[in-house]
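The values are calculated or read from the model by the stated rules, or taken from the named source; none is laboratory data. Predicted model, so just to flag it, every value in this text is computed and none were measured. When we count neighbours, we look across all protein chains shown, and the Cβ atoms used for this are built from the backbone with ideal geometry, even at glycine.
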Amino acid sequence: MQHLARIAMLVAAACFGAAFAQQTLSIATGGTGGVYYPVGGGYAQIIDQFVDGYSGSVEVTNASVENVAFISRGDSDIALVLADTALAAYEGTGRFGADGDLPQLANLRAITIAYTNAVHILTVEGSGIESLADLVGKRVSVGAPGSGTEVSAETILNANGITYDDIDVQRLSVNETADALRDGAIDAGFWSGGVPTGGVLSLAETRQIRIVPITSAEAANVIAADSTFIEYTFAAGVYRGIEATPSVGTPNLIIVASEMPEELAYEFTKALFENIGIVRAIHPSANETVPELAAASPIPLHAGAARYFEEVGIAIPDALKVD
């Protein structure tokens, strides 16, 4: 009898543990010096507290290009990615598909647009770089390997008549770019990220930085090459010593795979918007995370996310409902 009672207790304990076990959702972000990482941490907190049966785990990655692959393969569950990278991967254009070095990823789905990534073309006082044209012949970081920053950098340069053959290409993360600029190892560096970005803030405390402007004519060339770009202006003082500076930006998407269960996508989307204050307390970029932006996603929404938006009165175009 004692033996049977012990077995019953073990079975009960196992059932209790299973009932309260938390399934981990992996959130692919970027480097620790960027904005994806802390914002992703906010998403993890929301999952921990408000999505029953799940916890969130934030993963450091090389950002957008790597992240879309992680989502498509099922190596991550949720990711932040640049809209241009997501669209190219979904449609199979650029680096993705038959003419590229990466496969088409047609199972990508958006939860929403999170915020805009501003393209920082960073340099320091005394570099002699005042315009895009001045990058020719210089040592320029175009972003980490496998990052959306590099996708954006190449688009911006090519759209304005500059190729990688015209510059000394370096591929560095935002923290590595900041260190290299600080040490004089490079002349300029691209970074596509939310404003303000921690790594850039740190650099601005030790060196007088400049953001190379992208003129309206240059921005028009970029937008003609890739319609996911928008004109963007850095506000004066957003980084120490910075004047208002024109540039371009790209929306960031929160993405998942089409294979994610509809109910989970719905619950995550609902929890995100009902508790977005958690993310806003971590980084001001989340002030841009509002449900109305979802209808402007460049790739289809997950069915669970679309269901939430329609419940709160947002009309979702049929083109964004493919599942």
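The residue that is modelled with the lowest pLDDT, counting only those in segment 77-87 that are touching a Leu at 6+ places or on another chain (Cβ under 6 Å) and assigned to a helix (DSSP H, G or I), is 83. Restricting to segment 88-100, and then to whatever is in contact with a strand residue (DSSP E or B) (Cβ under 9 Å, 6 or more places away or on another chain) and part of a helix (DSSP H, G or I), can you tell me which residue is surrounded by the fewest Cβ atoms within 10 Å (Cβ to Cβ)? Top of the filtered list is 90.
Among the conditions (1) assigned to a helix (DSSP H, G or I); (2) crowded, with 24+ Cβ neighbours inside 10 Å, residue 175 misses just one, which is (2).
When the criteria are applied in full, residue 24 fails the requirement of being surrounded by fewer than 23 Cβ atoms within 10 Å (Cβ to Cβ) and within 13 Å of the chain's Cα centre (by Cα). Condition check for residue 297 on (1) hydroxyl-bearing (Ser, Thr, Tyr); (2) outside the structural domain of residue 106 (by TED's automatic domain parsing); (3) closer than 15 Å to residue 112 by Cβ: one failure, at (2). Residues in segment 49-76 that are crowded, with 23+ Cβ neighbours inside 10 Å and assigned to a strand (DSSP E or B): 56 only.
Being touching a residue at least 12 places away in the same chain (Cβ under 8 Å), assigned to a loop (DSSP other than H, G, I, E, B) and more than 21 Å from residue 301 (Cβ to Cβ): is that true of residue 41 here? Against the criterion (touching a residue at least 12 places away in the same chain (Cβ under 8 Å), assigned to a loop (DSSP other than H, G, I, E, B) and more than 21 Å from residue 301 (Cβ to Cβ)), residue 41 does not qualify.
For segment 116-133, give me each residue that is in a strand (DSSP E or B) and charged (D, E, K, R). None - no residue of segment 116-133 is in a strand (DSSP E or B) and charged (D, E, K, R), so the list stays empty.
Quick check on segment 112-128. Is at least one of its residues farther than 30 Å from residue 185 by Cα, crowded, with 17+ Cβ neighbours inside 10 Å and touching a His at 6+ places or on another chain (Cβ under 8 Å)? No, the conditions are met nowhere in segment 112-128.
Checking the conditions here, which among 230, 223, 214 is in contact with a Ser or Thr (Cβ under 6 Å, 6 or more places away or on another chain) and not acidic (Asp, Glu)?
Among 230, 223, 214, only 214 is in contact with a Ser or Thr (Cβ under 6 Å, 6 or more places away or on another chain) and not acidic (Asp, Glu).
Under the condition of being of a type outside the set (A, V, I, L, M, F, W, C) and over 22 Å from residue 229 (Cβ atoms), which residue from segment 34-48 is surrounded by the most Cβ atoms within 10 Å (Cβ to Cβ)? Here the residue is 43.
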